Structure formats: C-alpha cells, structure tokens
1. I need every pair where a residue in the stretch 72-84 that is of a type in the set (S, T, Y) has its Cβ under 7 Å from the Cβ of a residue that is at pLDDT 75 or above, sequence separation at least 6 or different chains.
2. Among the residues of the stretch 93-105, is any at pLDDT below 70, surrounded by 12 or more Cβ atoms within 10 Å (Cβ to Cβ) and over 19 Å from the mean Cα position of the chain (by Cα)?
3. Within the stretch 371-389, take every residue that is surrounded by fewer than 24 Cβ atoms within 10 Å (Cβ to Cβ) and among the small types (G, A, S) and give me the one that is farthest from Y222 (Cα to Cα).
4. Among the residues of the stretch 243-257, is there at least one that is farther than 24 Å from V12 by Cβ, modelled with pLDDT of 80 or more and not in a helix (DSSP H, G or I)?
Amino acid sequence: MGRAVKRPSLTVWILVALVAGIAFGAVFPGPAKELGLLGTIFLRLIKSIIAPLLFATLVVGIAGTGSIKTMGRIGGKAILYFEIVTTLALVIGLGAANLVQPGAGVALTPGANPGVAAAGATGLQQTVEHTFPTSIIDAMARGEVLQIVVFSFLFGTACAAIPAKSRAVVDFCQALSDVMFRYTNYVMLFAPLGVFGAMAATIGDKGLGVLLNLGKLVLTLYATQMFFIVVVLGTVTAIARIPVRRFIRWVREPFLIAYSTASSEAALPLALENMQSFGVPKHIAAFVLPTGYSFNLDGSTLYLSLASMFVAQAAGIHLSLGTQITMMLTLMLTSKGVAAVPRASLVILAGTLATFNLPVEGVALLLGVDALMDMARTSVNLLGNCLATAVVARWEGIDFPATDAEPAAAATTAV
C-alpha cells in the first residue's frame, strides 16, 4: 500500500508561482508585462476585505473581553503590555528601514497617487479631524482605515458596556468575522496567480536586478525579527523571570505550526493547551492569548512599519520624521485589526499606504516574497502572545518552576 500523497500547501504554490513568474519575466519580458493584470485583480480582492474584516474583528475583540468592569486588573495589565511591546516593534521596524534602506533602488513607479508630499501640507488639526468618521458607511466605501478603526473601537466598547442587549450584535460580528476569514481563504486561492502575474510583470519591466532589493527586504525582515526576539522578548523574559528553557520547550511546537502554515490561528489550540501546561492559569491563558491575536501582533506590526517604509523608498518618496511618527501612530491602531489568517497583513498594509498616499502598487511588488515574510511575522506573533500570557501570569503573582515536574504531574492528574 502506498502512502497518500500530501497536497501542496498554499505557501508551496506561492513559492512555485514566484519562481515561475521570475523565469517567465526574464525569458518573455514583453508578454510578462501584460500579466500585471493578475496582480491587480488580486490586489482589488484584498482591498475588498479591509472594511468588513477590520470592523468585525475589532468589535468582537473588544466586546469579547466582557463588560468594562470584568476587563479589570488582568485586562488592563494585558493591554498595557500589548501597547508597550507592539510600539517597540514598530520603532524597531522603522529604525531598520531607515538604517538598511531596503527599498532604495527598486524604482517603483507611483500610480495616480500624488505622494506623501501633498498630504504633508495638511495640518495637525485637519489630520485629527479626518480621523473621526461622519458616516461609517462612507468610511467603508472609501476605505478610510483610521475612521473604521475609531468607529469600531467605540462601537465595541459600547457593546461591552451593555452585554445583554448587544449580544445579537456581537454574534453578528462574530459570524461576519468567520465569514470574512473564509472569504479571505477564497481570495488567497487566487494568490499564486496574483504572485505569478505580479512577479512576471515586475521582472519583465525592471529586470532581474529588482530581486536583489526584494531579497534585501526579506533578509532585513528576518534579521529584524530575530533582533526583536533576542533583545525585546529576551529582556521581557529576564525582567519577568520566565524560565526560558521551559518556555521554549512548550512554545516550540505552536511556533513551528505558525511558521509552516503562516497562520497563528492554526496554532491557537495547541498554544492554549501548552501555556496551561507551562503553568499559566487557565483563566489568564484563555483571556490573554485570544485577545493578543487582535492587540499583540508583534511580528506583523514590525513588518508593517518596515514594509510601509520600503514602499516609500521604492517610490522615491521621502518621509519626514514627523510623517514617520504619524505613520507609526496610525499603525498602532490599524495593526490591531490584523486577522490571524495567512497574509492578512497585506490588507492592513494596503489601507496604510492609501491613507498616506503611498502607491498601493507596492503591495503587488511585495506579493512575490510575502510568503517568506508571512511565515516569519506570523511565528513571531504567536511567540509574543505566548510570552504575554506568561508575563501577565507573573504579574498576577504566579511562580513558574524551573522544571516540568509540577506541570507534568498536574496534567497527569487532570487526565
């Protein structure tokens, strides 16, 4: 009896499409330029996800914490930790982008967007005013990410304040979120064709030299993510006195699942179980880990700041320090709506680029190597959330043993 042949994953198909697109663009540069339509179609489908996905995930995430009172001490500590760590991730991403300049030399041609320079003339008062929507329908129709986020935060808080009356609304948002996850999966089925078309058109138009810059971006992301793990998360484990070897043992398998599938959601059940085996109380793990999937995506926030700067550099658009800080503050909000599904960061990146009048065509340029980058950022997301459960538990006075004797005994007794 022969062994069943395993179907190639989406990541494999995307990598195959990447190589095929490069080869086609190099051999047939003329016809390859016409295949940019495939990347454009995929980009439009990605943009169609932004509004409903942001609204549903944010409302469910906020309302799911319970009433304002029940958020309490643990919720406050978790949110504080999330904001500190994700802000550090954004700063590191911006710092790496300014230091390495991965987008320099790519020569991305902006489309109809006028560039950030035109937006820079807008004063602070107008910028703040534009953040608040007059109509959520209008904001969704125009893809105004910041306005959608502000409305969703306030709407979710209102739902949390009256849980009995808002149950039907939250259930609808949960259903909408589930549907959008499935819709995203359907859209991702087109990703290999989109990658093939985008890479073929890019190579056909700009030549093989552009791969050097994309490779530079990938290496920069991996090096920056490793720096974040060692320096930031390593410092957190030292301050919180988390037993590193035990933590690595229990987080290793969920980390590999998240990396190989590029979906932190796929690793959630095992991560939840393993963190309880590690010694995190069930009520803390069950609250902090799922909440972190909306509010503590360290790898994605680092990637978003790096990728946004990459597109600006590739388009030859200079961003002042003030604009970069504004972008970082924007990403602090928009990154909270990144869904735990493969390549969902492209959705937020597209919205951020549109908000700052950067060429959205940059997303198509990133498609070819996004599979490699998505695995890195997703696994770091999972690692950061597992560590967050342990930190909050330590903050609540939980001691973690240096060996697995006590958790293993507890698990055996439970079984």
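1. Close Cβ pairs satisfying both conditions: Y81/A388; Y81/V391; Y81/V392.
2. Checking the stretch 93-105: at least one residue is at pLDDT below 70, surrounded by 12 or more Cβ atoms within 10 Å (Cβ to Cβ) and over 19 Å from the mean Cα position of the chain (by Cα).
3. The selected residue is A371.
4. Yes, there is a match, as at least one residue in the stretch 243-257 is farther than 24 Å from V12 by Cβ, modelled with pLDDT of 80 or more and not in a helix (DSSP H, G or I).
Each row is one residue, and each column tells you yes or no for (1) under 17 Å from K47 (Cβ atoms); (2) at pLDDT below 85.
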site: E144; (1), (2): yes, yes
site: L154; (1), (2): no, yes
site: A158; (1), (2): no, no
site: V169; (1), (2): no, no
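The values are calculated or read from the model by the stated rules, or taken from the named source; none is laboratory data. Note that the structure is predicted; figures quoted are calculated from it, not measured. Positions of Cβ are generated from backbone atoms using ideal geometry, with glycine treated the same way; all protein chains shown enter the neighbour counts.
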